[in-house]
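Asker: Dropping a structure here in structure tokens format, bear with me for questions.
Derivation of every value follows stated rules applied to the coordinates shown; laboratory data play no part. Keep in mind it's a predicted model, so treat the numbers as computed, not measured. Using ideal geometry, Cβ is built from the backbone for each residue, glycine included, and neighbour counts are taken over all protein chains shown.
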Amino acid sequence: MALITGFAIQGLQMLLVLALAPGLVGLVRRIKARLMRRPGPPIRQPYRDLLRLMRKEVVLAENASWLFRATPYLVFAASWVAAALVPTFATGLQFSWTADLIAIVALLGSARFFLALAGMDVGTSFGGIGSSREMMFASMAEPAMLLTVFALSLVAGSTQLSTVVQVLHGPPGVGLRVSLGMALVSLVIVAIAENGRIPVDNPATHLELTMVHEAMVLEYSGRHLAMIELAAALKLLLYVSLIACLFVPWGIAREGDPPVALALGIGTYLLKLALGGAALAVFEASIAKMRVFRVPDYLGVALMLGLLGTLLLFVSRAL
Amino acid sequence: MERMAFDTAHLLAGGLVLVSFMMIYQDRLQALLNTFTLHAVVLSGAVAWQAWTQAAGHLYVTAAIALIFKAIIIPSALTRIVQRLGIHREVEQVVGTGLTMLTGMGLVALSIVLMLHVTSKATAFAREDLAFALSVVLLGLLMMVTRRNAVSQVVGFMSLENGLILAAAGARGMPLVVEISVAFSILVAFIVIGIFLFRIRERFDTVDVRALDSFRGERR
Amino acid sequence: MIEAAAIATLGLFLLSPLAIALRGRASVSGLIYALSILPCLGLVGVGLMGLGDRHSSAMVLPVGLPWIGAHLRLDALTDFFLLVVGIGGAATSLYAIGYGRHEEEPGRVLPFYPGFLGAMALVVLADDAFTFLVAWEVMSLLSWALVMAHHREAEVRAAGLIYLIMAAFGTMALVLAFGLLAGSGGDYAFAAIRSLPRSMPVSIAVAFLVLVGAGSKAGVVPLHLWLPRAHPAAPSHVSALMSGVMTKVAIYAFLRVVFDLIGPLPWMVSPVLILTGVATAVLGIVNAAVADDMKKILAYSTIENVGVIFAAIGLAQAFRADDMPTAAALALSAALFHVFNHMAFKSLLFMSSGAVLTATGRRDLDGLGGLIRRMPVTSFLTLIGVVAISALPPLNGFASEWMVFQTVLQSPQLPQLGLEMLVPAAGGMLALAAALAAAAFVRFYGLGFLGRGRSAEASNAREVDRYMLAAMGGLAALCVLAGLVPALVLDRLAPVVEALTRSRLPVQSAEPWLTVVPVAVARSTYNPLLVCLFIAATASAAAWVVHRAGTRALRRAPAWDCGFPDPSPLTQYGAGSFAQPLRRVLGGVLLRAREEVEMPPPGATVPARHRVIQHDLIWEWAYLPLARGILKVATEANRLQFLTIRRYLAFVMGTLVSLLLVLSIWR
């Protein structure tokens, strides 16, 4: 019985993240448009876009290889699995032990790796630009992310995301830690860079010289593009959920909680998502995009914060 | 309650170190001055918290002095100077932000290791405060070493002094007289430096201290 | 058991004269390589059985120095490294049956190749310092001869010279180390060395000398300079052996001395190891990310992986010195697991670059491209190697890298505050190296195998023969297997780790679902098998749903490329362009990279030129001043050759008197 419930909750989580991801993107777009005094598309627009893309034929470059055709599904699957492993409304899910936080980060790294390869598959200059820049950003963002993970798991004594959330959530909790604050800032910076949001990359642009992620997927169309867009939405959702479950863990249901707690968990999760999306939209609307070679400095800050957070941790621990 | 007090002190002092790093990261003068203001505000917060937890009334005076002089008077005066000199939009050549940051990291690690070793007998409060204070001092020094612009060197100096105040507050506070005289000497130093800035500018047409090096024949 | 290992080694050594005897025959190359497979498989068998039943056996052969003989011994550590040598050797020999046919002067490769394999096995088997050093030197010299196979190219000759100097230097350090280890008693058998008491300073000096001696062979910064020159210069199957196996033999030497022979070492050694390892990893991979030659990229990436292994060994040393056997076992398991994995994927990738070289005659990224359509099998196998080496789940590179990170997270238990802070920082740097490796290998694969062919050779490449594909396929299967079921390797490692640290990981194959659990379930778990299954299931489900509910329609058309596709393949991103962001961000400091543009004056018809200049920092800061210093001293000393007899006599007398003086003061 417990097993069936476990599977059901895990399945619910998988479907929930998949169903919510395009909505989050729509919400961000909508709020951003409103902030710029445009009416903006309705929140359900991304769902429509995805459905339409899936129904359109694929226009494939003449020399595209099997790798180019397989990548969208791989990227989508990796992002979805990663997103399903982050606690959203409940901790201790059935399969949460298959990958810890480091493995989740690396799973996203695999997705990016294949996407960058696909960008180079057709052999165009834009694909190359996109892949090269994406990998440069990643080579800064991943160590920053890992240092943040170190800081968090040194506090919690585990890299297992469910355990980390439970330790941080308490009781007894871990109190106010300046390291945690730094980890939060660092995680936000990394999240913005990883999702290609302003000021690192502009998801709405089609001005060739400024785009990174869009340049990489320029040759994709039809259902392939739908998969990639959906994967990008899932990644955004993953990062928002990650920040939410680590730093605002209130309301998350624990293993074996009654259905009421689960419902409460889902409710608070939706609220957190909406707030996170709104914060992202406000941030994006109020800042300008950086030059490409400014981004390493920006990510360097995240790296530094992660490291500083880890160092300061030892001060309070050594006392 | 004890834990809450400690956590808040930890947060504020750690925040001060963080703001020091933010100052190293800034390469525009105006942004630097704003960050310095934040530095002073965090400092006065940290000192005030120490005053409250130690129930030491005179530390409130220290906090107030920090707030009034460091967070209000000096930044606004520096802003005026920078604007009069017309360099508020200037982008400063920092010697490799990344490298400076890494050095800063090393300095923080060094001061933490050193202070925790040396002060093994003191209270947790004092140890932590001292470790952070030494970091702030060293970061201020680092800033003075790596910057070329005279204004940012002044800011580095001021932030260094902030570290000293933090140390003093953690170590059960220093006598009020000393505190006030230090505050005034800082003010005097500030005025002298401010006047010098204009003199440097008049003579060399820049506040880049490299001009001074070449004037003294030190630069090849 | 030991007899079988000795016979296999001897068999390898005997193949060398056979190759000379049969020279000139058409089929000799295939024969020698095919015959080398058997002893290698024998070594694999010995290693596997030894790791299974945990017996140690020894034998003394009446060769070598008369009063010592040659001691050979099998214990867990030897078994594991025999396994590594055997697998690498067998795969390489199989590959070489195909690859060797394209060799222009087989007489320059064949006689040395089996002997090289035998020497590596002998290094691992040796149980006394004399045999060890002789085998080590034979290994160095034979590999040098193999590097020099294409000696008509000036670049190869230069590489050979540097390699020879570094190898001699490394052996010298090892001789000194063993001299110190054996002490005044002069008993060179390892058993005697092990039981000898020695003071801390001597132990530290030995550890340092072995770091220099073994490190120079493994490519540890700052002794790595020969590696990116020599490894690419050799024929590709030899490169695979040198990178995949010989660096591992060097790591064996380090482990044997530091973790077995010396005895206890203070914790102060570990920060040196960790910092060296981290510096090696980062410097190696930054170079790999900007190099243009396929084999050079691989050689630099070898340096990175050696750095990772040394950092993990340094962690193990820290935990061992602080009496934390569980954590030390975890660190050592991670290091050895990475040794195994690196052997598999680096050999695979060197083989695939050899395949590309055979098919196109080129190994510069700017002359390749589009091979995924011309050489589908090679490309697929290379993709597996590339994903593995980039430390990406679910393959084996990530599994060992993940364990290294788990080790890093054990650092809060360390009693030394400085070390405690150093370790997470080092972990961050290792993460940087791993991320850069992904960037470097996207470049490697994207430019070499994807896109459009940049030269006629690349556009007309043909798939290589079945021997080469079989060897690569075997190693790729190993990468997948070790990645999906790490328990297979980790449980084999347990006796080795137990022998060196007196502790071991929990039995991995007993965990449910074959999960990897390094410490405890609450702390960290990783299940590559399930992750891979989930991804495969969701990907196929997604593809099925999309094809069913959406459309299957597909149309081929010219590439879109934002509206102006240019048919010339040179409009693609090239090696220099892809490396530019990283070169600009990291290369400025680490490589002193600069870009120069020569603009002709207006009206001139000469083309403008853009050049990238990058240096190896170590070369510039350490080696050039050293070379200049030596030259200067030599020039000064030159004057001594033109003195009168009387002066020479004065020198002799002066020396004698000063020696006597020293003696009189000493007493």
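Asker: Taking Cα atoms, how many degrees apart are the long axis of helix A:259-285 and the longest axis of chain A, rounded to 10 and kept between 0 and 90?
Answerer: 50
Asker: Using Cα centres only, tell me the gap between the stretch C:324-363 and the stretch C:108-157 in whole Å.
Answerer: 20
Asker: I want to check the label-to-label distance for C:Trp666 and C:Val175. Put each point 7 Å from Cα in the C-beta direction and report it in nm to one decimal.
Answerer: 2.2
Asker: Something else: Mind checking the full-extension length gain between C:Gln413 and C:Leu161? Use 0.36 nm per residue of separation minus the Cα-Cα distance, one decimal, nm.
Answerer: On the way: separation 252, 0.36 × 252 = 90.72 nm, distance 4.66 nm.
Result: 86.1 nm gained on full extension.
Asker: Per residue of C:385-397, count partner chain C-beta atoms within 10 Å of its C-beta, then hand back the mean as an integer.
Answerer: Per residue, the number of nearby Cβ atoms from other chains is 3 on average.
Asker: Quote the relative contact order of the stretch C:269-539 in percent (integer), defining contacts as alpha-carbon pairs under 8 Å separated by 6+ residues.
Answerer: Relative CO of the stretch C:269-539 lands at 25 percent.
Asker: What is the set of long-range amide H partners of A:Ala61 at a cut-off below 5 Å, with H atoms built 1.01 Å from backbone N?
Answerer: C:Ala557
Asker: Going by alpha carbons, how many degrees (0 to 90, nearest 10) lie between the helix axis of A:178-194 and the longest principal axis of chain A?
Answerer: It is inclined by approximately 20 degrees.
Asker: Using the basic label-point model (7 angstrom from Cα toward the beta carbon), what is the C:Thr644 to C:Arg628 distance in nanometres?
Answerer: Each label point lies 7 Å from its Cα, and together they span 3.8 nm.
Asker: OK, next. Fewest Cβ neighbours within 10 Å first, please rank C:Arg552, C:Arg373 accordingly.
Answerer: C:Arg552, C:Arg373
Asker: Further question: To the nearest 0.05, what FRET efficiency results for C:Ile20 and A:Trp250 with a Förster distance of 60 Å applied to their C-beta separation? Show your work: numbers first, answer last.
Answerer: Values: r = 78 Å, r/R0 = 1.30.
E(calc), rounded to 0.05, equals 0.15.
Asker: Test of understanding: what is the full-extension gain from A:Ala263 to A:Ala33, defined as 0.36 nm times their sequence separation minus their Cα-Cα distance?
Answerer: Answer, rounded to one decimal: 79.7 nm.
Asker: Considering every residue in A:77-90, what mean count of other chain Cβ atoms within 10 Å of its Cβ is obtained?
Answerer: Counting Cβ atoms of other protein chains within 10 Å of each residue's Cβ and averaging gives 3.
Asker: A further question on this structure: Post the alpha-carbon centroid distance, the stretch A:45-102 to the stretch C:1-57, in whole angstrom.
Answerer: 48
Asker: Tell me the angle of helix A:101-121 to the major Cα principal axis of chain A, expressed in degrees between 0 and 90 and rounded to the nearest ten.
Answerer: Orientation of helix A:101-121: about 0 degrees from the principal axis.
Asker: Cα centroid distance between the stretch A:251-291 and the stretch C:443-476, in Å?
Answerer: If we compute the Cα centre of each part, the gap is 47 Å.
Asker: When the label point is put 7 Å from the Cα of C:Cys562 along its Cα-to-beta-carbon vector, which residues of the stretch A:96-137 have a backbone N closer than 17 Å?
Answerer: A:119-135
Asker: How much length would be gained if the chain were fully extended between C:Glu620 and C:Leu488, taking 0.36 nm per residue of separation minus their Cα-Cα distance, in nm to one decimal?
Answerer: So the chain would gain 43.1 nm between C:Glu620 and C:Leu488.
Asker: Lysine pairs, Cα distance under 22 Å, 8 or more residues apart or cross-chain: how many in the protein assembly as shown?
Answerer: 14
Asker: Ranking request for peptides A:6-15, C:91-100, C:622-631: highest mean number of other beta-carbon atoms within 10 Å first, then the rest in descending order.
Answerer: Highest-to-lowest ranking by the protection proxy: C:91-100, A:6-15, C:622-631.
Asker: Continuing with this model, one more query. Mind listing the phi-derived Karplus ³J(HN,Hα) values for the stretch A:56-73, rounded to whole Hz, using 6.51, -1.76 and 1.60 with θ = phi - 60°, and x for any glycine or proline?
Answerer: Coupling constants for the stretch A:56-73: 8, 6, 8, 9, 10, 4, 4, 9, 5, 9, 4, 4, 4, 7, 7, 3, x, 5 Hz.
Asker: Continuing with this model, one more query. Using modelled backbone amide H atoms (1.01 Å from N, in-plane), which distant-in-sequence or interchain residues come within less than 5 Å of C:Ala189's amide H?
Answerer: Amide H to amide H, under 5 Å and 5 or more residues apart or across chains, C:Ala189 pairs with C:Ala129.
Asker: What trypsin sites (Lys or Arg not before Pro) in the stretch A:1-110 are in a loop by DSSP, with at most 16 other Cβ atoms within 10 Å of the Cβ?
Answerer: Passing sites in the stretch A:1-110 are A:Arg37, A:Arg44, A:Lys56.
Asker: Suppose each label sits 7 Å from its Cα in the direction of the beta carbon; what would the B:Tyr60-C:Ala549 distance come out to in nanometres?
Answerer: Taking the two extended label points, one gets 6.6 nm.
Asker: Excluding A:Pro249 itself, calculate the net charge of residues whose Cβ lies under 15 Å from the Cβ of A:Pro249, where each Lys or Arg counts +1 and each Asp or Glu counts -1.
Answerer: After counting each charged neighbour, the total is +1.
Asker: Taking each residue of A:174-183 in turn, how many C-beta atoms of other protein chains fall within 10 Å of its C-beta, and what is the average? Can you show the working numbers first?
Answerer: On the way: counts 1, 7, 10, 4, 11, 3, 1, 4, 5, 0.
Counting other chains' Cβ atoms within 10 Å and averaging over A:174-183 gives 5.
Asker: Ok, one more. Mean residue ellipticity at 222 nm from the helices of the protein assembly as shown, using -39,500 (n - 2.57) per DSSP H segment of n ≥ 4 over the full residue count, to the nearest 500 deg cm²/dmol?
Answerer: -23500 deg cm²/dmol
Asker: Once R0 is set to 22 Å, what does the formula 1/(1 + (r/R0)^6) return for the Cβ-Cβ distance between C:Ala58 and C:Leu38, expressed as a FRET efficiency to the nearest 0.05?
Answerer: Values: r = 24 Å, r/R0 = 1.10.
Plugging the Cβ-Cβ distance into 1/(1 + (r/R0)^6) gives 0.35.
Asker: Now, a different point. If r is the Cβ-Cβ distance from A:Tyr47 to C:Phe380 and R0 is 30 Å, what FRET efficiency results, to the nearest 0.05?
Answerer: Calculated value: 0.25.
Asker: Along the three principal axes, how long is chain C when you take its alpha carbons, biggest first, rounded to the nearest angstrom?
Answerer: If we take the Cα atoms of chain C, the spans are 96, 73, 62 Å.
Asker: If you don't mind, there's one more thing I want to ask. Counting other C-beta atoms within 10 Å, and keeping those with at most 12, which DSSP coil chymotrypsin sites (Phe, Trp or Tyr not before Pro) do you find in the stretch C:1-92?
Answerer: Counting only loop positions with at most 12 other Cβ atoms within 10 Å, the chymotrypsin sites (Phe, Trp or Tyr not before Pro) in the stretch C:1-92 are C:Trp67.
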